[in-house]
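A.B. asks: Sending over a structure as structure tokens; questions will come in a sec.
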Amino acid sequence: MDKLLTELVEKMRSANGDRLIAVILYGSAATAAGKDQFSDLNILCVLKQVTPQELADSEPVIRWWREKKNPAPLLLSEEEVRTSTDCFPIEFHDIKERHKVLHGVNVVADLTIDYSFYRAQVEHELRAKMLRLRQKAAGVLSEKDVLLRLMAESISTFCVLFRHALLLSGEVAQFDKREIVKTCSDKFGIDASPFLTLLDVREEKVKTRDLQPISLFREYLNQIHVVVDAVDRMEK
């Protein structure tokens with residue numbers, strides 16, 4: 001991974017020169033504990049400005065990075081980093097807490113997060129991801145292996161959002177996925193078992209042939225609903 005990230009930085013520097021202010025790895029992959037087969041390499045690239053010219057110059061790098069099965073880097077200008085924290089409090093909160101500077105200036109270390117729309121964003125993201133999960137599952141319910149992988153790939157995102165639901169409720173929330181699920185069980189009354197099963201799948205601790213993906217999906221979706229409803233009831 002380190003070799004791949006070094007290559008990415010070199011390609012971005014070559015493409016953008018002194019327009020490139022920072023390249024930052026963020027999310028679970030920025031910590032030793034977060035490196036598993038499902039962990040994305042999430043990259044923030046900060047440029048002096050982001051115009052069609054910067055996009056065109058960066059296109060070969062982004063295409064190469066996507067071919068490596070990674071999410072496209074997030075390209076922001078310095079000004080956008082400073083002024084977008086009210087629109088994206090979840091993202092900037094997580095970037096600030098878990099990041100590794102691969103190149104340039106640490107533009108997020110002293111960033112002030114504006115939480116004006118925090119609760120609304122948490123509920124919006126939870127509902128949107130839940131609807132997207134249902135939408136995808138509708139096309140693969142008869143393909144048990146595909147359905148199981150869909151759930152296993154989605155649980156990381158839901159754990160991130162569950163953590164923010166806990167923070168909204170006043171709880172101290174850890175980053176560890178199992179701890180998040182346990183705390184949600186205590187705080188919101190969810191059944192932790194479908195989440196723990198899916199984490200076992202991610203960590204290859206369970207034989208997938210012994211599972212019933214459709215039943216697991218039903219319980220998984222039901223418990224996500226519980227957290228969504230809890231956030232919806234929080235003070236607006």
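The values are calculated or read from the model by the stated rules, or taken from the named source; none is laboratory data. What you see is a predicted model; the values in this text were computed from it and never measured. When we count neighbours, we look across all protein chains shown, and the Cβ atoms used for this are built from the backbone with ideal geometry, even at glycine.
A.B. asks: Among the candidates Leu141, Leu166, single out the residue that is hydrophobic (A, V, I, L, M, F, W, C) and under 30 Å from Ser116 (Cα atoms).
C.D. replies: Result: Leu166 is the single residue among Leu141, Leu166 that is hydrophobic (A, V, I, L, M, F, W, C) and under 30 Å from Ser116 (Cα atoms).
A.B. asks: Got a number for residues in the range 125-184 being over 16 Å from the mean Cα position of the chain (by Cα), among the β-branched types (Val, Ile, Thr) and more than 22 Å from Leu211 (Cβ to Cβ)?
C.D. replies: The total comes to 2.
A.B. asks: For the range 206-234, which residues satisfy the criterion of being over 17 Å from Leu150 (Cβ atoms) and in contact with a helix residue (DSSP H, G or I) (Cβ under 8 Å, 6 or more places away or on another chain)?
C.D. replies: His225, Val226, Val227, Val228, Ala230, Val231, Asp232, Met234
Here is a yes/no grid of residues against (1) among the hydrophobic types (A, V, I, L, M, F, W, C); (2) more than 21 Å from the chain's Cα centre (by Cα); (3) surrounded by 18 or more Cβ atoms within 10 Å (Cβ to Cβ):
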{"position": "Ser58", "(1), (2), (3)": "no, yes, yes"}
{"position": "Val61", "(1), (2), (3)": "yes, yes, yes"}
{"position": "Arg66", "(1), (2), (3)": "no, no, no"}
{"position": "Leu75", "(1), (2), (3)": "yes, no, yes"}
{"position": "Val81", "(1), (2), (3)": "yes, no, yes"}
{"position": "Val105", "(1), (2), (3)": "yes, yes, no"}
{"position": "Leu111", "(1), (2), (3)": "yes, no, no"}
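A.B. asks: Still on this structure, please answer the following. For residues that are modelled with pLDDT under 95, part of a loop (DSSP other than H, G, I, E, B) and closer than 18 Å to Ala22 by Cα, tally how many sit in the range 36-50.
C.D. replies: Of the residues in that region, 1 qualify.
A.B. asks: Can you pull out every residue in the range 83-100 that is farther than 24 Å from Glu153 by Cα and either among the charged types (D, E, K, R) or buried (at least 17 other Cβ atoms within 10 Å of the Cβ) (or both)?
C.D. replies: Selection gives Thr85, Asp86.
A.B. asks: Next question. Kindly evaluate Arg202 against the criterion of being touching a helix residue (DSSP H, G or I) at 6+ places or on another chain (Cβ under 7 Å), within 24 Å of Lys96 (Cα to Cα) and not acidic (Asp, Glu).
C.D. replies: no
A.B. asks: Working carefully through the options Lys100, Lys96, find the one that is within 26 Å of Tyr118 (Cα to Cα) and in a strand (DSSP E or B).
C.D. replies: Lys100
A.B. asks: Given Lys187, Lys205, which one is farther than 26 Å from His124 by Cα and either free of Cβ contacts under 8 Å to residues at least 60 places away in the same chain or within 20 Å of the chain's Cα centre (by Cα) (or both)?
C.D. replies: Every option except Lys205 fails the conditions.
A.B. asks: Oh, and also: Out of Gln121, Gln53, I need the residue that is modelled with pLDDT of 95 or more, closer than 22 Å to Gln174 by Cα and not in a loop (DSSP other than H, G, I, E, B). Which one?
C.D. replies: Answer to the selection: Gln121.
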